[in-house]
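The block underneath contains the structure these notes are about, expressed in structure tokens.
The values are calculated or read from the model by the stated rules, or taken from the named source; none is laboratory data. Remember, it's a predicted structure, so these values are computed and weren't measured experimentally. Backbone-built Cβ (ideal geometry, glycine too); neighbour counts: all protein chains shown. Remember, those area values only see protein heavy atoms, side chains included, never the ligands or the DNA or RNA. Shrake-Rupley method; radii C 1.70, N 1.55, O 1.52, S 1.80 Å.
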Amino acid sequence: MSAMLQPQVILLKEGTDTSQGKAQMVSNINACTAVVDTVRTTLGPRGMDKLIHDDKGGVTISNDGATIMRLLDIVHPAANILVDIARSQDSEVGDGTTTVVLLAGEFLKEAKPYIEDGVHPHSLIRSYRTAGHLATEKVKELAVSIEGKSLEEKKSLLAKCAATTLSSKLIGGEKEFFASMVVDAVLAIGNDDRLNMIGIKKVPGGTMRDSFLVNGVAFKKTFSYAGFEQQPKKFLNPKILLLNIELELKSEKENAEIRLTDPLQYQSIVDAEWNIIYDKLDKCVKSGAKIVLSRLAIGDLATQYFADRDIFCAGRVTEEDLQRVAAATGGTVQTSVNNVIDEVLGSCEVFEERQVGNERFNIFSGCPSGQTATIVLRGGADQFIEEAERSLHDAIMIVRRALKNSTVVPGGGAIDMEVSKYLRQHARTIAGKSQFFVNSFAKALEVIPRQLCDNAGFDATDVLNKLRQKHASGEGANYGVDINTGGIADSFANFVWEPAVVKINAINAATEAACLILSVDETVKNPKSESAQGDAAASAMGGRGRGGAAMRGRGGRGLYAEIVQYYLFILRVSSHLKLGLNAVCKVNVLEMSLWPTKDGDEATKREDARGEVAMAPLLVVAMRATSSSLAETSIGLNKSFVPD
């Protein structure tokens, strides 16, 4: 009896959705597998592209894993972890985003049968982390260093790494052309870690082969005033002045008041404004600069002033381009034109304004510091150029990582098969259930060569059997999938390389993501606060002023009937006068929406009626505004029907 009288303990708010146990873990794995299946077909040189159409009408065509994962707008909390690891892979090494998502999904897929059979998740997590550590150590052991090579040899090796990355992109047909361009751009910035020192400018039109590299800075011609065409468009060894000030007459930003006792004093005030701007322009000219760039506006007066003195100027230069010009030319951005000395001026060998497609570009080449480069991309459709930019970003990141880490591994699934073979052999030395888990980890690594075959239309089973036999012989550590013939080939000899850091980071990130998802056994979803919803609805109905009070004072039900009669009357009047379609539609929609629904209880009907009554005054005003001819007629309307 005492047990029956014990009070019930409620820990969570009523309506809270909770799911836990084995079913929840399997649900998380299934959600991640569904996401992986979306990007699975984008892997490799024969990978397909995805066309993503967002709710704003934007269209993106890409096979970059990070871009697709970002645009998918995934709402499942566990599957969002895959988005995070794709983003971290993209920011850390730039490539391998599809690989890391694919590996994480395969790890979870291999773990699913064990979870369904009742294996504790931490047994799997412990084995996965051990296998992940062994895999990364094996990758480091198999990596080949490119350190100690001459500059030409190093450029050739880096170009091969870039070509491997570009082979799976939309511009894979011109991978040699763009690979050498990317290597030259990365070597141009030297040890500078700022990726924005490599600018990529997109110009629609032409072909991919029309793209070119500027060993310096290039940016699109900015907005210009009258007198710009009179300025010189080419200089040899000019001095460059970089500013962050306005060179134009500006009205007062604040409400300034000046009281004059003599009308002649007004002219002195006007003259003072002109003297200030002319003083700034004179100091720019006396500095000896032949090119003046400013982040802020350079007005028509200053443009004509510089044109008369054979000086080129450009205003509203973007912050990024101005900083790149400063880094390349050795100049310093000035916030004042007072005391401009030679040390703050930049210089370059050649400056010219060149026509590129339908655009005009200002190009600085032969810069002394050489700490920047610009790639001008040409192509047909805008979506194609945007995808080419994303592809070049991946290649640039890969070359930078290869320069810093200077170790590469064979691609084409070769390194994955070799690590898988190593883990299978290691699993045989383990006693207990962990042997199965490490073996499953090794099997999951084979997803990379298997998917490469599937995407290329080859027989994955046949190719994998050949790879297993070759790697088991001890002489085929560098053998991977040959995309061109459908067989196997030495990836290292075919120059299919990728930096070791890409594979190491992918294995680590995928292992951690899989372990994190496996460690979750319960999901709690809190309901929205009903009180908060009620307050929001009340404020929306009441609004400001007398809306809510008027409804309460006159009675919701009576006012509701009056409004229906009023709008039926308006409908008849508007049809008689042949008013605009907009006004008639408003009346029709309101008339239909005001009738109570047949289903639902009485309380629901009352709430619906109150909501419609609250919106009625707004629609009356809108209808009056659109029905101007109604106000011009002599028909009298009963104003008592109109809500307050």
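A few comments on the model shown:
- When each of the peptides 95-103, 57-65 is scored by how many other beta carbons lie within 10 Å of its residues on average, the order from highest to lowest is 95-103, 57-65.
- Calculated accessible area for the stretch 26-178 comes out at 43 Å² per residue, all protein chains present (probe 1.4 Å; ligands, DNA, RNA ignored).
- Links that overshoot a 26 Å alpha carbon limit, given the list Lys109/Lys138; Lys443/Lys466; Lys112/Lys433; Lys50/Lys421: Lys50/Lys421
- Gap separating the Cα centres of the stretch 222-278 and the stretch 374-409, nearest whole Å: 42
- Here each label is just a point 7 Å from Cα along the line to Cβ, and for Lys286 and Val520 those points are 6.8 nm apart.
- The phi-based Karplus calculation (6.51 cos²θ - 1.76 cosθ + 1.60; θ = phi - 60°) puts the 3J(HN,Hα) values of the stretch 148-162 at x, 8, 6, 4, 5, 5, 5, 5, 5, 5, 5, 5, 5, 5, 5 Hz, whole numbers, x for Gly and Pro.
- Extended-chain gain in nm, criterion 0.36 nm per residue less alpha-carbon gap, Leu71 and Asp54: 5.3 nm
- Between Lys433 and Glu153, the C-beta separation translates, for a Förster distance of 60 Å, into a calculated FRET efficiency of about 0.75.
- For Glu248, the residues 5 or more places off, or on other chains, whose built amide H falls under 5 Å of its own are Gly299.
- Protection proxy ranking of 505-512, 359-366 - average other beta-carbon atoms within 10 Å, highest first: 505-512, 359-366
- The simple spin-label model puts a point 7 Å past each Cα toward its Cβ; for Arg360 and Asp342 those points are separated by 3.2 nm.
- Radius, Kirkwood style, for the stretch 429-492 when every pair of distinct Cα atoms is counted (Å): 12.7
- R0 of 22 Å, Cβ-Cβ distance Thr38-Asp459: FRET efficiency to nearest 0.05: 0.35
- Derived scalar couplings ³J(HN,Hα) [the stretch 125-131; Karplus, 6.51 cos²θ - 1.76 cosθ + 1.60; whole Hz; x for Gly, Pro]: 4, 4, 5, 4, 5, 5, 5
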